[in-house]
Amino acid sequence: MVSTEEDARRHLHGRLTSREWWLLPIVSKNALRVVEVVEERHFPGRTGGFEAMILREEVMGVCAVALALKKRLPAARLSALLRELGGPMPASEVGGDEDMIAVLDPPADGDRDRSLARLVAFVDWLEAERQEGP
């Protein structure tokens, strides 16, 4: 459990630095659906390897993030799931150097713009400590 903004940032940085976790920020309704399916299919019950963090959207850009252990959800399975749920083909192949998976809403009614704005705000918040530096 993390209790402060800095604790949350430190926890997320630790997970990303380990390269063992997928980070799925909830930037859209589609992202929430992907996280729900990931948890239902790959992390049922209270099994380890899946974490959800509730965040303060007005400060951190998103209301929540999910973390999924790559050992339990390899890139090929996550890619297949994204394609199954209607992700665009080029963006539905995950892996390589990318550990953060951003699932945007479709462009209708400005939803994609809101998804992108949330994503940018989240990345800015996540990277704030690194930008300020010593």
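Quote the charge dipole size of the chain about the Cα centre in Debye, to the nearest 20; the model charges only the Cβ of Lys and Arg (+1) and of Asp and Glu (-1).
Roughly 560 debye, rounded to the nearest 20.
Any idea what % of Cα-Cα pairs in the range 1-77 are farther than 21 Å?
Values: 742 of 2926 pairs.
Summing the P(r) of the range 1-77 above 21 Å gives 25 percent of all pairs.
Towards the positive end of the charge dipole of the chain, with charges on Cβ (+1 Lys, Arg; -1 Asp, Glu), say which of GLY45, LEU85, HIS11 has the farthest Cα.
Working it through, the farthest residue towards the positive pole turns out to be GLY45.
Between LEU85, LEU104, LEU67, where does the largest GNM mean-square fluctuation fall for the chain, given springs only between Cα atoms within less than 10 Å?
So, out of LEU85, LEU104, LEU67, the one fluctuating most is LEU85.
Taking semi-axes √(5λ) of the Cα gyration tensor in Å as the quantity of interest, determine which of (i) 22, 19, 14; (ii) 29, 13, 12; (iii) 28, 21, 12 was computed from the displayed structure.
Only one option fits the structure, namely (i).
Pulled fully out, how much extra length does the chain show between SER3 and ALA76, if you take 0.36 nm times their separation in residues and subtract their Cα-Cα distance?
Length gained, SER3 through ALA76: 22.9 nm.
Go through 69-75, 28-34, 114-120 and give me the packing order, highest mean Cβ count within 10 Å leading.
Packing proxy ranking, top to bottom: 28-34, 114-120, 69-75.
Coordinate-derived values only; no laboratory data. Because the structure is predicted, anything quoted here is derived from the model rather than measured. Using ideal geometry, Cβ is built from the backbone for each residue, glycine included, and neighbour counts are taken over all protein chains shown.
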